[in-house]
Amino acid sequence: MSFELTLLALSTIVALVYLSCQSLIYKAQVGNALTVGARDEMPKAERLAGRAERAFRNFLETYPVFVALVAVVELGHASNTWTL
């Protein structure tokens, strides 16, 4: 596996950490009852929960660009030969 694909695989772990932190912190803010039912009108994320949500959204904005660049490198056979 190339270095770039290794980084892509590891970045999925980072994505899961962001998602888990955001959801657990938000659940701590609003309580379990609001997060298990219909989510039509959820309270606004405040303080730490708001920061975790913004960090996760920022990650989601930049992640597709990273995935596209890894695809270009792999399909163009321009991968670095250095491996972990």
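The values are calculated or read from the model by the stated rules, or taken from the named source; none is laboratory data. Owing to the predicted nature of the structure, the values given are computational and were not obtained by experimental measurement. Quick reminder, even Gly has a Cβ in these numbers, built from the backbone with ideal geometry, and neighbours come from all protein chains shown.
Is one or more of the residues making up the range 8-31 outside any helix (DSSP H, G or I) and among the basic types (Lys, Arg)? No, the range 8-31 contains no residue that is outside any helix (DSSP H, G or I) and among the basic types (Lys, Arg).
Residue count for the range 32-59 under the criterion of being part of a helix (DSSP H, G or I), touching a Phe, Trp or Tyr at 6+ places or on another chain (Cβ under 6 Å) and either over 26 Å from THR12 (Cα atoms) or aliphatic (A, V, I, L, M) (or both): the result is 1. Pairs meeting the criteria (first residue in the range 5-34 and more than 15 Å from PRO64 (Cα to Cα) and modelled with pLDDT of 90 or more, second residue surrounded by 14 or more Cβ atoms within 10 Å (Cβ to Cβ) and acidic (Asp, Glu), beta carbons under 8 Å, at least 6 apart or on different chains) are GLN22/GLU53.
Here the range 33-54 is the region considered, the condition is being of a type in the set (A, V, I, L, M) and surrounded by 13 or more Cβ atoms within 10 Å (Cβ to Cβ), and the residue that is farthest from GLN22 (Cα to Cα) is LEU34. Looking across the range 15-32 at every residue that is within 15 Å of the chain's Cα centre (by Cα) and polar (S, T, N, Q), the one that is surrounded by the most Cβ atoms within 10 Å (Cβ to Cβ) is identified as GLN22.
What pairs come up if the first residue lies in the range 62-79 and is assigned to a helix (DSSP H, G or I), the second is among the polar types (S, T, N, Q) and loosely packed, with under 10 Cβ neighbours inside 10 Å, and their beta carbons are under 9 Å apart, counting only those six or more places apart or on different chains? Every condition considered, the pairs that remain are VAL73/ASN80.
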